[in-house]
Amino acid sequence: MLPAFFDSIVELITKTSADLPPDVRAAMSSALASEEPATRAGQALTIIAQNIDQAESCEAPICQDTGMPTFEVHVPVGANQIWMRATIREAVAEATKRGKLRPNSVDSITGENSGTNLGPGTPIIHFDQWERDEVEVRLILKGGGCENTNAQYALPVELDHLGRADRSLEGVRKCVLHAVWKAQGKGCSPGAVGVCVGGDRTSGYLYAKEQLFRTLDDANVDARLAQLEASIMDEANRLTVGPMGFSGKTSLIGCKIGALNRLPASFFVSVAYNCWAFRRLGVRLDSTTGAITSWMYRDIEKSKPMLAPELMAAGFPRTGREISLEAPITEAQIRDLKVGDVVLISGRMYTGRDAVHAHLMKHEPVVDLNGAVLYHCGPVVKKLTPEPGAPKPTGVSRWAVTAAGPTTSIREEPYQADIIKKFGVRVVIGKGGMGPKTLAGLKESGAVYLNAVGGAAQFYARCIERVDDVSHLEFGTPEAMWHLQVRDFPAIVTMDSHGNSLHRDVEDASAKVLASLRPV
Ligand code: SF4
């Protein structure tokens, strides 16, 4: 067997989780340079840039959602794939134990988290043989927020604002633009899309995801597809969806299209959307030892820090107009806020995602949520183990949060207004915005929705002073309710208590642009 294989895979997972490849950094640097620093888009991108540099400097997850680990492995003829698969699984469990991956593998029937990232279908490992005498392992970590914005179209189809998409490259163009528009900020834009034209429903999605292994700056070998990629990039960036759906100049950082043959009766266009936290790396390994001989997508020379040190040290880019709030928060304070305000939250904050929301619909909360701040977040946490001989840690010192960005809020749309009303929650923080039911609930109950910057898990972890307690650990660490003490946690009011929603406004404005785009 290959003695260094296990360590090489752990190293690959660790670096992939913490270090964005240079092509993605370059695209995000261009996005940052294109926005005015004092705009919502500029502030969001500055936080993202800080987050990218922070994650790399401490080798911690860029985003708390470390996604579905997907390995593409090439092996020489005769390699023992059974042993390699088992060893990759062991390496995934080890990286999870070290806090480099969040436990993300959940039993689909019971909701139980395996705690190891192992389970039926997790991780995804694909093997291919090749004639070369070396092993190649490529890894992508794609999170749930952007996975939920994937889209598949069966052509011909009628699309909102674009009309009919026929079985042609023009129809493909319409589908991809529609998918980018529909995603808005929910998949943590600016994102990149991998697209498959053709195949069947299953192979189409698979091949679309495979396109994400191409670098953002490569050129398609098929001139027709190269032209289509370029025109979609141009048009998608005219949609003004912008970073996080805040409106802005950059909505898409990459478009990679491949084609598979199809049945005469089918014409699918499959779109795999990847957020800006586009974690993709690879290694080549010596086929006799398993040791890393070279890295893929990871040119250290080109992996420059995104921000100058003085900007990094400056933290959140303030304009002087920020509003500081200390939890618990009153209705009067909430009614004073309006869409566009930047708020700095201090005091107690509770996390709550899908399991907590479903639980609160049927049970009383274990804490008083009156005036509370509820954060849609599934953090990466580490249980602290004391040094030998040191006193056993209690209460606040038992846990450390190592990554804590917001999760996609729209999943809680069926519950949120009821929970706000029933328990007196005043502030909901998440990303991507919520729908009309929540907007009406905010108005009725005097609450507000704040959009934090999706994926900025290191940045927000640094706003957490300590972990005071945790409830519902039986839901697994991402789904538990963490009691956090925060200081100057920045977020933007995107839905206020007067019926205004930035998300609705940006969606409407970008729909008008979408409708005005002419066929190429
Ligand atoms: S950046 Fe956003 S979409 Fe991407 S993994 Fe993180 S939370 Fe999910």
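The values are calculated or read from the model by the stated rules, or taken from the named source; none is laboratory data. It should be emphasised that the depicted structure is a prediction, and the values quoted were computed from it without experimental measurement. With ideal geometry, Cβ positions are generated from the backbone for all residues, glycine too; neighbour counts draw on all protein chains shown. Side chains are part of the model used for accessible areas, which takes the heavy atoms of the whole protein and leaves out ligands, DNA and RNA. Shrake-Rupley method; radii C 1.70, N 1.55, O 1.52, S 1.80 Å.
Details
- All positions within region 48-69 that are of a type in the set (A, V, I, L, M), part of a helix (DSSP H, G or I) and either surrounded by 24 or more Cβ atoms within 10 Å (Cβ to Cβ) or in contact with a Cys (Cβ under 7 Å, 6 or more places away or on another chain) (or both): Ile48, Ile52, Ala55
- Candidate set: region 398-433, residues that are hydroxyl-bearing (Ser, Thr, Tyr) and part of a helix (DSSP H, G or I); chosen: the one surrounded by the most Cβ atoms within 10 Å (Cβ to Cβ): Ser409
- So Ser189, is it buried (at least 22 other Cβ atoms within 10 Å of the Cβ), under 20 Å from the mean Cα position of the chain (by Cα), within 16 Å of the ligand (Cβ to nearest atom) and within 30 Å of Ala291 (Cα to Cα): no
- Of all residues in region 237-267, those satisfying the criterion of being out of contact with any Lys or Arg (no Cβ under 6 Å at 6 or more places or on another chain), in contact (Cβ under 8 Å) with a residue 40 or more places away in the chain, of a type outside the set (D, E, K, R) and under 25 Å from Pro156 (Cβ atoms) are Leu239, Leu252, Cys255, Ile257, Gly258, Ala259, Leu260, Asn261, Leu263, Ser266.
- All positions within region 434-472 that are more than 16 Å from the ligand (Cβ to nearest atom), hydroxyl-bearing (Ser, Thr, Tyr) and either farther than 22 Å from Gly245 by Cα or assigned to a helix (DSSP H, G or I) (or both): Thr438, Ser445, Ser471
- Where Arg102 falls short, out of the listed (1) at pLDDT 95 or above; (2) surrounded by 15 or more Cβ atoms within 10 Å (Cβ to Cβ): (1)
- Residues satisfying the stated conditions in region 79-99, i.e. at pLDDT below 95 and either of a type in the set (D, E, K, R) or open to solvent by 40 Å² or more (accessible area, probe 1.4 Å) (or both): Lys97, Arg98
- Matching entry among Thr438, Thr477 (being open to solvent by 30 Å² or more (accessible area, probe 1.4 Å) and of a type in the set (Val, Ile, Thr)): Thr477
- Some residue of region 143-153 being away from the ligand (no atom under 16 Å from the Cβ) and touching a Ser or Thr at 6+ places or on another chain (Cβ under 6 Å): yes
- Filter result (within 15 Å of Phe71 (Cβ to Cβ) and among the hydroxyl-bearing types (Ser, Thr, Tyr)) within region 110-126: Thr122
- Condition check for Glu35 on (1) within 16 Å of the ligand (Cβ to nearest atom); (2) open to solvent by 10 Å² or more (accessible area, probe 1.4 Å); (3) closer than 30 Å to Thr319 by Cα: one failure, at (1).
Condition check ((1) in contact with a Gly (Cβ under 7 Å, 6 or more places away or on another chain); (2) buried (at least 20 other Cβ atoms within 10 Å of the Cβ); (3) within 25 Å of Tyr153 (Cα to Cα)) across all residues:
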position	(1), (2), (3)
Val269	no, yes, yes
Phe278	no, yes, yes
Gly290	no, yes, no
Thr293	no, no, no
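- Where a residue in region 60-82 is under 24 Å from Arg279 (Cβ atoms) and more than 10 Å from the ligand (Cβ to nearest atom) and its partner, wherever it lies, is among the hydroxyl-bearing types (Ser, Thr, Tyr) and modelled with pLDDT of 95 or more, with Cβ under 6 Å and at least six apart: none
- Count - residues of region 70-105 that are of a type outside the set (Ser, Thr, Tyr) and assigned to a helix (DSSP H, G or I): 15
- Exactly one residue among Ser497, Ser471 is polar (S, T, N, Q), modelled with pLDDT of 95 or more and open to solvent by less than 10 Å² (accessible area, probe 1.4 Å), and that residue is Ser497.
- Hits in region 473-510 (condition: part of a loop (DSSP other than H, G, I, E, B) and under 30 Å from Trp399 (Cβ atoms)): Gly476, Thr477, Pro478, Glu479, Ala480
- Region 316-347: number of residues that are open to solvent by less than 70 Å² (accessible area, probe 1.4 Å) and closer than 22 Å to Gly245 by Cβ: 13
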